[in-house]
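Read-outs: derived from the displayed coordinates by stated rules, not from any lab. Because the structure is a prediction, the values reported are computed rather than measured. With ideal geometry, Cβ positions are generated from the backbone for all residues, glycine too; neighbour counts draw on all protein chains shown.
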């Protein structure tokens, strides 16, 4: 679960990390009122989306009066932003954060994340924070310092004082950086985060440290023991209603912009199916991975989502029945969904593995017409051709 | 023979009495796996599936001589179960549990460091050695005893490739799912090395996908060891849509690995036979062997 900037800052500030004063607004009027309440001499109005690199996409604007804040909010609210990190789908701005403008004399970078290869929690830090840090790091291997941390009971430990001195030469400020590092480590464990990033951590003219932007990702698998963070989930603006609904039905579903609905069990097989489809000149309308725990009614729900998508011209089912998810369970789900919907598009099915033959019988007995394919490459070719014919 | 398991390997199941564990352990027994005990805290002294149930891993090991454990414990308690098995010095742990919190896995990795235990998983379909035994939840209908080793990040693609290697008349020595979680035990390159050292494996298939950097690490192992056995790789996700990202730390921590194209290029440079798509893996291996 990714947190919005304002949520991330609220979380970090609870662990003693200094952030600028701010408010969140969802309307232009509310933005103006917030600016009047804050009464700052300079404001930053920031689009709240779940991706970084907002500055170059125009998602961060500066204002010196409440009226200018309203103008900035009007330009952002309800509009879409595409940044280098949103992927191809733009993010719609549903809220803005109005924040006191803080002038940074210098900008540091501070992150904690998990290195999958070493299996460790690592702290990353740099004396030169800022937006293009990733590009700069590619050309300069010394730009980012790295400190592996040790998980000791409920504490993440490491030599923060020495690590802070490695990125900050002013000993008084380095002391402050070490405290921020320590607090960040505490916040990371206590919230079961997989990522916390402060970029930049500003050093002000007076030598104070302020986190100007923050990103936090919480481990979804740990939400069962982080009831206090679950409130962020309901507050977070869902990426897509269908996707959330599918989650509740044991399906990983992601809407794409093509014309071929895909029904596959297993994430790897689903990726491989999309590859074959693209090779055959087809474009997937969605990614779907049926989890092993999905029942036939869950599957019926997922199949229904695809039938209800007006862009879909053909449906490709590629199922390899495994130890838990057998082909016939999926066939039953398809049959239920077809009974519920009047929509008919060409259906191409490839069943293999556990109960493949029985699944074909289930569909036949339900009177469902489909083209059967022997292997997944053939299935992809037929589906791509069928979608092109339907569109013509 | 196979990797990770031998005909002598005796297996216990942590969490044996659960519904899913009961289902799969029944399948494992009928497949001929030497499953000899269950471990369920608070249920010591009972019998389940005609197997004795013990309260701890240590007791089960002492009483039965089991050296491997299959962990079927719910995610909240999975890390504690794995750490218990590591502390009891079992040789092999296979964890199939999905959705284990990642910080719990960091703790498990700390416990593994310097131990005598090898961990496969979590979120793994397990280890299958056709003719020898099954530790996991995979289908076995299409598996045949043979001389191809399969190391995979994807359970569903493993089933697919097992079918293709069987149809190609090759069969499998062992299949290993390293699991779908970011922090896990046995890695793809480690599994590859086990197969390289196994005299009963003639060819190795590595199934990777986008994300992480284990396929790049596989390429490094092959560059270093220059194996005589053919290695075939499939990397799924060439046409996956780019993902939304949060910040820079992920890319900075892993030094920017991850796309299917990058992985395929690294593997190709190392001399791996690339299966262009998932339908051609068996054929690619047969061609590489001839």
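To the nearest 10 degrees, how steep is helix A:327-340 against the longest Cα principal axis of chain A, on a 0 to 90 scale?
Once rounded, the angle reads 90 degrees.
Sketch the reach of a paramagnetic label on residue A:104 as a point 7 Å from Cα along Cα-to-Cβ, and name the residues of the range A:184-200 whose backbone nitrogen lies under 20 Å away.
A:184-185, A:195-200
Compute the label zone of residue B:115 within the range B:40-60: residues whose backbone N is under 15 Å from the point 7 Å along Cα-to-Cβ.
Those under the cut-off are B:57-59.
Angle check, please: helix B:75-87 long axis (alpha carbons) against the longest principal axis of chain B (alpha carbons), in degrees 0 to 90, nearest 10.
Computed tilt is about 80 degrees.
Counting DSSP beta bridges in chain B, what percent are antiparallel, to the nearest 5?
Details: 8 of 43 bridges.
If we restrict to bridges inside chain B, about 20 percent are antiparallel.
Between residue B:283 and residue B:89, how high is the FRET efficiency from 1/(1 + (r/R0)^6) when r is the Cβ-Cβ distance and R₀ = 45 Å? Nearest 0.05.
0.55
Let me know the Rg and Dmax you get for the range A:283-364 when you use only its Cα atoms, in Å.
11.9, 34
In whole Å, largest first, what are the principal axis extents of the Cα atoms in the range A:39-165?
Principal extents (Cα only, largest first): 49, 36, 35 Å.
Using only Cα atoms, tell me the angle between helix B:19-31 and the longest principal axis of chain B; keep it within 0 to 90° and round to the nearest 10.
Compared with the principal axis, the helix lies near 80 degrees.
Based on the alpha-carbon gyration tensor of the range B:140-247, what equivalent-ellipsoid semi-axes (square roots of 5 times the eigenvalues) come out, in whole Å, largest first? The partial results should precede the final answer.
Numbers: eigenvalues 115, 60, 27 Å².
Taking √(5λ) for each Cα gyration eigenvalue gives 24, 17, 12 Å.
Averaging over every viewing direction, what projected area does the convex hull of the Cα atoms of the protein assembly as shown cover, in nm²?
Values: hull surface 124.3 nm².
Approximately 31.1 nm², given one-decimal rounding.
If I model a spin label as a point 7 Å beyond the Cα along the Cα-Cβ vector, how far apart are those points for residue A:205 and residue B:274 in nm?
For the pair residue A:205/residue B:274, the computed spacing is 5.6 nm.
To the nearest 0.05, what FRET efficiency results for residue A:84 and residue A:252 with a Förster distance of 25 Å applied to their C-beta separation?
Details: r = 25 Å, r/R0 = 1.00.
E(calc), rounded to 0.05, equals 0.50.
Connecting C-alpha atoms closer than 10 Å in a GNM of chain B, tell me which of B:146, B:114, B:58 has the biggest fluctuation.
Answer for the Gaussian network model of chain B: B:114.
Between residue A:365 and residue A:55, how many nm apart are label points set 7 Å from Cα along the C-beta direction?
In this crude spin-label approximation the distance works out to 6.4 nm.
In nm, give the distance between the simple-model label positions of residue A:74 and residue B:43, each being 7 Å from the Cα along the Cα-to-Cβ direction.
A separation of 6.6 nm, rounded to one decimal place.
I need to check one value: relative contact order of chain A, counting alpha carbon pairs closer than 8 Å and at least 6 residues apart, in percent. Working shown, then result.
Numbers: 804 pairs, mean separation 47.8, N = 392.
Relative contact order for chain A comes out at 12 percent.
Looking at chain A, what % of the alpha carbon pairs are farther apart than 35 Å?
Of the Cα pairs, 42 percent sit more than 35 Å apart.
So in the protein assembly as shown, what percent of DSSP beta bridges are antiparallel if you round to the nearest 5?
Details: 60 of 112 bridges.
Percent antiparallel among DSSP bridges in the protein assembly as shown is about 55.
Which length gain, in nm to one decimal place, applies between residue A:23 and residue A:374 when the Cα-Cα distance is subtracted from 0.36 nm times their residue separation? The partial results should precede the final answer.
Values: separation 351, 0.36 × 351 = 126.36 nm, distance 5.88 nm.
Difference between extended and current length: 120.5 nm.
Can you compute the FRET efficiency between residue A:92 and residue A:224 using 1/(1 + (r/R0)^6), with r the Cβ-Cβ distance and R0 = 35 Å? Round to the nearest 0.05.
Calculated value: 0.70.
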